[in-house]
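Colleague: One structure follows; several queries about it will come next.
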Amino acid sequence: MEESDIKFNVMVSLFNWTQKSKSSATKRSKFRKFLDAFCREPGDYFSAIRLILPVLDRERGSYGLKEHALATCLIDALGMSRDSPDAQRLLNWRKGGPKTGSSAGNFSLVASEVLQRRQGLTSGGLTLKELNEQLDRLSSSENRAEKTSVLSDLIRRTNAQEMKWIIMIILKDLKLGISEKSIFHEFHPDAEDLFNVTCDLKLVCEKLRDRSQRHKRQDIEVGKPVRPQLALRVSNASAAWKKLHGKEVVVECKFDGDRIQIHKNNSEIRFFSRSFLDHPEYEHAMSDIIAKNILVDRCILDGEMLVWDTSENRFADFGSNQGIAKAAKEGLDSDRQMCYVAFDILYVGDTSVIHQTLAERHDLLRKVVKSIKGRLEILVPNGGLNASRSPGEPCWSFVARSLDEVEKFFKDTIENRDEGIVLKDLASKWEPSDRSGKWLKLKPEYVRAGSDLDVLIIGGYYGSGRRGGEVSQFLVGLAERPMPNTHPRRFISFCRVGTGLSDEELDIVVTKLKPYFRKYEYPKKAAPSFYQVTNNSKERPDVWIESPEKSVIVSITSDIRTIKSEVFAAPYSLRFPRIDRVRFDKPWHECLDVHTFVELVHSSNGT
Ligand code: ATP
């Protein structure tokens, strides 16, 4: 498609202006002026908008470059030594250093400071077309050397300002302070609608180039992912009940897996995630089942991909999906298998059914899907799921007649350690990207796991953004059970916790511990010997507390569910832990020990 030679530095001026302007009206009008003044040829719109909304661009695969990998590529592209101060600043971008000041915690700013010392001020005249070609090369390159070579080409053709924005595009976060909705609206009044039903930015840019021409509302199609209907969070059952007052309401278990849309078009079966990406890893595990048990040629199902444990006869904990899909592909024998729970249907035969009521769509689900226990299930009121929920409580979904029923279901859900519940208006349509309250979600508040967990801070992680350069999260540990009448000598890493304290409380703890922070520099150094950790890099804190006697105990609370820990050294870790209070009153050696904790887990699990 024809494209003019818009220079990237024009877009950089737009970015700088947009970032600086305070009012959203000014930001919007700047963007509009840019479109009017520079986009002339048909190809210009997509070329520009995909750079402004990089998260929505499906044409280009992932770059495989998060901050750390990007830092190493930039270091090589700039020909720096890994030990040089600038290389260290890039690698330790979260921490900042003496010269970093406010840029700590913001990778693109740290990078731009490093680049300023190496790049000239003059723009190399890169065009949007050229930039997009280079970004295509970057996403299709298979190894770090190729990526480095693309980055060095880009560095040669840009100045530090331009390169900073390119880095933000690669990280898919432009921090422009203008919503996707506003960008779409300024481009064309029908753009958001069309994007919601196609998730295809290129198509939107091609079809809607003429703002004066309204577009006939398009329906969903098999093969094109649709932006999902979303749930609005409510704080308790009575708020939910009040909101749906007078409506016929279905209450469902909120499953904890991957939201997946299945598109069946005869023998072609595709799995799309919430961010409208293809998930081919599910093909091997699920395509056969879908092909055989969906009784129409074409359809779209909406639901959750989960793992079913055949030995325990229950859904397995969240987090194992990718591993199980991979194991299935490699033919590894396992007690676990993928199971899809369809809770909605959007398309049947050659008709979209999203405008029908949920009750009607449930009927369609019953007709179209032949369910198979632990492999393919449908979630419809009173029946449906073959997989029983728990021995005395087989119900996953029911039409509620009173608030009491909702409350009881919610309580059972917490006891069953499910994620929460979803309430849906049975008369509602399914609307792409809508979070207006047709669906409401209710999740348990943090529940104490039996009693307070008094754990010891053993390390710290630097924050980003506002708390860049300062420790803002902690690694906490459990004590190894000491011999009678002695103090514990070793602490076992347990979980990472960042929420719960006010800024002021956090400052008090950080100030108290600061003199004992010991840096954990890149490349890795061993942890102090009285701490037991795994080799998993996710666990490694940025600083260790010099020795346990210098540290403080914090009481943490957590979602009642404990998960088996792969990352931390303790046998279990908590889900959504938060600090309840700091126990300056409790000496370090009164930290909870691992044995007592495991007993607590077992007693709260009823095992
Ligand atoms: P959360 O982190 O709470 O899942 P979210 O932003 O990912 O939030 P929401 O739309 O707010 O998504 O919540 C609905 C999500 O819950 C869906 O995306 C889906 O993955 C999941 N879910 C699980 N069970 C159901 C169900 N029965 N009906 C609808 N959504 C369900």
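Colleague: Residue under question is SER388, and the condition is that it be modelled with pLDDT of 80 or more and not acidic (Asp, Glu); does it hold?
Modeller: No: the conditions fail for SER388.
Colleague: Here's something else I'd like to know. Any idea which residue in the stretch 259-289 is nearest to the ligand (Cβ to nearest atom), counting only those that are hydrophobic (A, V, I, L, M, F, W, C) and crowded, with 21+ Cβ neighbours inside 10 Å?
Modeller: ILE260
Colleague: Hand me the list of helices (runs of 4 or more DSSP H) wholly inside the stretch 20-94 holding 3 or more residues that are more than 26 Å from the chain's Cα centre (by Cα), surrounded by fewer than 20 Cβ atoms within 10 Å (Cβ to Cβ) and touching a residue at least 24 places away in the same chain (Cβ under 8 Å).
Modeller: 24-38
Here's the yes/no breakdown for (1) modelled with pLDDT under 95; (2) within 16 Å of the ligand (Cβ to nearest atom); (3) hydroxyl-bearing (Ser, Thr, Tyr); (4) closer than 24 Å to TRP241 by Cβ:
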site: GLU419; (1), (2), (3), (4): yes, yes, no, yes
site: VAL422; (1), (2), (3), (4): no, yes, no, yes
site: ARG448; (1), (2), (3), (4): yes, no, no, no
site: ILE457; (1), (2), (3), (4): no, no, no, no
site: LEU475; (1), (2), (3), (4): yes, no, no, no
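Here is a yes/no grid of residues against (1) free of Cβ contacts under 8 Å to residues at least 24 places away in the same chain; (2) among the charged types (D, E, K, R); (3) surrounded by fewer than 21 Cβ atoms within 10 Å (Cβ to Cβ):
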site	(1), (2), (3)
LEU232	no, no, yes
GLY246	yes, no, yes
VAL249	no, no, no
GLY257	no, no, no
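Colleague: Taking VAL222 and the conditions (1) part of a helix (DSSP H, G or I); (2) among the hydrophobic types (A, V, I, L, M, F, W, C); (3) away from the ligand (no atom under 16 Å from the Cβ), which numbered condition does it fall short on, given that it satisfies the others?
Modeller: VAL222 satisfies all of (1) part of a helix (DSSP H, G or I); (2) among the hydrophobic types (A, V, I, L, M, F, W, C); (3) away from the ligand (no atom under 16 Å from the Cβ) except (1).
Colleague: Looking at (1) modelled with pLDDT of 90 or more; (2) buried (at least 19 other Cβ atoms within 10 Å of the Cβ), which one does SER433 not meet, given that it meets all the others?
Modeller: Of everything listed in (1) modelled with pLDDT of 90 or more; (2) buried (at least 19 other Cβ atoms within 10 Å of the Cβ), SER433 misses just condition (2).
Colleague: Is there a residue being away from the ligand (no atom under 16 Å from the Cβ) and assigned to a helix (DSSP H, G or I) anywhere in the stretch 305-312?
Modeller: The answer is no; no qualifying residue exists.
Colleague: Now, a different point. Yes or no: the stretch 326-338 includes at least one residue that is in a helix (DSSP H, G or I), farther than 22 Å from TRP439 by Cα and at pLDDT 95 or above.
Modeller: No, the stretch 326-338 contains no residue that is in a helix (DSSP H, G or I), farther than 22 Å from TRP439 by Cα and at pLDDT 95 or above.
Colleague: For the stretch 227-257, which positions are within 13 Å of the ligand (Cβ to nearest atom) and part of a loop (DSSP other than H, G, I, E, B)?
Modeller: ARG227, PRO228, GLN229, LEU230, ALA231, VAL234, PHE255, ASP256, GLY257
Colleague: If you check LYS147 against the conditions, is it part of a helix (DSSP H, G or I), under 30 Å from the mean Cα position of the chain (by Cα) and of a type outside the set (Gly, Ala, Ser)?
Modeller: It is true that LYS147 is part of a helix (DSSP H, G or I), under 30 Å from the mean Cα position of the chain (by Cα) and of a type outside the set (Gly, Ala, Ser).
The values are calculated or read from the model by the stated rules, or taken from the named source; none is laboratory data. In this text, all values refer to a predicted model and were calculated from it rather than measured experimentally. In this analysis, Cβ positions are derived from the backbone assuming ideal geometry, glycine residues included, and neighbour counts consider all displayed protein chains.
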